[in-house]
1. Kindly indicate whether ALA541 is in contact with a Ser or Thr (Cβ under 6 Å, 6 or more places away or on another chain), in contact (Cβ under 8 Å) with a residue 12 or more places away in the chain and farther than 30 Å from LEU351 by Cα.
2. Taking the options GLY455, GLY513, name whichever one is part of a loop (DSSP other than H, G, I, E, B), within 28 Å of PRO347 (Cβ to Cβ) and under 23 Å from the mean Cα position of the chain (by Cα).
3. When you go through (1) surrounded by fewer than 24 Cβ atoms within 10 Å (Cβ to Cβ); (2) in a helix (DSSP H, G or I) one by one for SER461, which number turns out not to apply?
4. Somewhere in segment 178-188, is a residue among the charged types (D, E, K, R), in the same structural domain as LEU58 (by TED's automatic domain parsing) and in a helix (DSSP H, G or I)?
5. Just wondering, is there one or more residues in segment 336-356 that are buried (at least 18 other Cβ atoms within 10 Å of the Cβ), in contact with a Gly (Cβ under 7 Å, 6 or more places away or on another chain) and either modelled with pLDDT of 95 or more or of a type in the set (Phe, Trp, Tyr) (or both)?
6. Do you know which residues across segment 525-553 are assigned to a strand (DSSP E or B) and either small (Gly, Ala, Ser) or crowded, with 23+ Cβ neighbours inside 10 Å (or both)?
7. Of the conditions (1) closer than 30 Å to ASP371 by Cβ; (2) β-branched (Val, Ile, Thr); (3) surrounded by fewer than 19 Cβ atoms within 10 Å (Cβ to Cβ), THR522 fails just one. Which one is it?
8. Return yes when SER114 is modelled with pLDDT of 95 or more, in a loop (DSSP other than H, G, I, E, B), buried (at least 24 other Cβ atoms within 10 Å of the Cβ) and more than 18 Å from the chain's Cα centre (by Cα) and no when it is not.
Amino acid sequence: MRSFLLLWLAWSVALWAGPKPPQAAIASAHPLATAAGFEILDQGGNAFDAAVAVAAALAVVEPAGSGLGGGGFLLLHRARDGRQVMLDARETAPLAARRDMYLDAAGNPIPRASIDGPLAAGIPGMPAALAHLAENYGRLPLRCSLAPAIRYAREGFVVGPRYLEQVERRHAVLGRYPAAAAIFLEKGQVPRPGFRLVQPDLARVLEALAARGRAGFYDGWVAERLLAGVRAAGGVWSRADLARYRVVERRPVVGRYHNVRVVSAAPPSSGGVVLVETLNILSAYPLTHLDPATAKHLIVEAWRRAYRDQALYLGDPDFVSMPLRRLLSPDYAAGLRAAIRPDRALPSAWLAAGPEAGGAGADTTHFSILDRDGNRVAATLSINYLFGSGFVVPGTGVLLNDEMDDFAIKPGVPNLYGLVGGSANAIAPGKRMLSSMTPTFLETPDRIAVLGTPGGSRIISMVTLAALDFAAGFRPALWVAWPRFHHQYLPDEIQYEPDALSGAERRALHRRGHRLKALGRTYGNMQAILWDRFLDRVEAASDPRGGGSAVVR
């Protein structure tokens, strides 16, 4: 009997502590970033050290999507004690920002004022996040984890076709600012294949961050150049803006979908709330046993309602009060579900009035990491639009975000992505703009998923579809590859990638009253990891739409 009790106790302790993965995995949007993460793991670093390396490397090798001049959200799981936390490194509005700062004397939006140039830039959070992550969760000093990015910036690398296509789309704005043109263009033109991107100024800024931590960016010579460059070009940053910026540790949003525990981003990201609310609505439907058109109709109707609540209620939790307990309640979802008809779409205009809120830019980035101890990171980072504001601060190599466009610059006026914001997301000094970034963990007793994606307001719908695929037992290669469809509150239409809806599905959805919009191009760049504890196997997948790299070893 005693031996049985000892065996039972040992089994219970092992179950509480959890098994360790047989391999580590990293999935990111660029092979050099994935390689940087493994370089740090090989030196004895953990997933959090690797996250510093991957994020910094992406700032160098994928400048269209993220960088030191941007921000993001990093979802962490620490294996030794089960701690789960979200690092909020979202940009903040400058203290000189005003609610009407992008409006003319007649109260109309000034074209592209919140998109191009330094006036469009919020105060960056990414440098502070890298320092915070290394100091509070990593094993290695910051100088070790930043070494790969510094090397990539100083020595350069040959860009791929994706970079050339992105520069083509933002060539005019990059050419407007001499420091940006000198880095990203070739003699003022879109680079030719084989172009080597070298960024010595950015290498020096990374070295300052490596040597002094947070102070290496927000104080000293880097801060002086940032302030001088921004203000000379029409921006409104101040010394106080840089001095007061802090990463905030926030409790993630947690929900359940059948036997899946969902852990995701908290406000000022709307991602986790909208994701959990959507899944709560869908939880009563046998989606896998319905015909595809009916299942997609129900998913769309759930999105319609959850995205509406995003606009009505969500914003920076340090500035607005939000009914999160209600929005995340299964009982509230049941009330929303009661008004869904399986045979008919409800026009968005028939719901209680509420504008659509803004989201992270379509040219954001995401990476996922799992180390051999079971630590994990899901990080979605952004500078908003392609190459952010297009403005590089002279002498720093730092490309600034244009995240101020994610605020509601005027009620009822759409932002760059056609999204209309509400008062909860109005501009205010020091406030963090709302986001759709949705770094997520999906957990069952046997399986763990780490995932996320760029894609603006479509981020949440992409992660929703991946969560449903996870719950249905599909593998990560399918989560990231299957054609996608999307619906939010406004515009009132189902947007879909090529091959996402069959002819029969399109006809069935049209009969229900849905408006359909075929997209000419694909979207998203999901990076996902699955740890199958039952099979003792780790899998990773990088979206075939991008040029990323998913490695398990």
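1. Details: in contact with a Ser or Thr (Cβ under 6 Å, 6 or more places away or on another chain): no; in contact (Cβ under 8 Å) with a residue 12 or more places away in the chain: yes; farther than 30 Å from LEU351 by Cα: yes.
Judged against the criteria, ALA541 is not a match.
2. Values: GLY513 fails: under 23 Å from the mean Cα position of the chain (by Cα).
Sole residue among the options that is part of a loop (DSSP other than H, G, I, E, B), within 28 Å of PRO347 (Cβ to Cβ) and under 23 Å from the mean Cα position of the chain (by Cα): GLY455.
3. (1)
4. Filtering segment 178-188 for residues among the charged types (D, E, K, R) gives 186-187.
Subsequent filtering for residues that are in the same structural domain as LEU58 (by TED's automatic domain parsing) retains 186-187.
The next check asks that each one be in a helix (DSSP H, G or I); those that pass are none.
No, the conditions are met nowhere in segment 178-188.
5. Here is the first cut: in segment 336-356, the residues buried (at least 18 other Cβ atoms within 10 Å of the Cβ) are 336-337, 340, 345, 348, 354-356.
Checking which are in contact with a Gly (Cβ under 7 Å, 6 or more places away or on another chain) leaves us with 345, 354-355.
Now restrict to residues that are either modelled with pLDDT of 95 or more or of a type in the set (Phe, Trp, Tyr) (or both): 345.
Yes, some residue in segment 336-356 is buried (at least 18 other Cβ atoms within 10 Å of the Cβ), in contact with a Gly (Cβ under 7 Å, 6 or more places away or on another chain) and either modelled with pLDDT of 95 or more or of a type in the set (Phe, Trp, Tyr) (or both).
6. Filtering segment 525-553 for residues assigned to a strand (DSSP E or B) gives 527-532, 537-542, 549-552.
Listed by number, the residues that qualify are GLN527, ALA528, ILE529, LEU530, TRP531, ALA540, ALA541, SER542, SER549, ALA550.
7. Every condition holds for THR522 apart from (1).
8. Working: modelled with pLDDT of 95 or more: yes; in a loop (DSSP other than H, G, I, E, B): yes; buried (at least 24 other Cβ atoms within 10 Å of the Cβ): yes; more than 18 Å from the chain's Cα centre (by Cα): yes.
In short, yes.
The values are calculated or read from the model by the stated rules, or taken from the named source; none is laboratory data. Because the structure is predicted, anything quoted here is derived from the model rather than measured. Note that each Cβ is placed from the backbone with ideal geometry, even for glycine, and that neighbours are counted across all protein chains shown.
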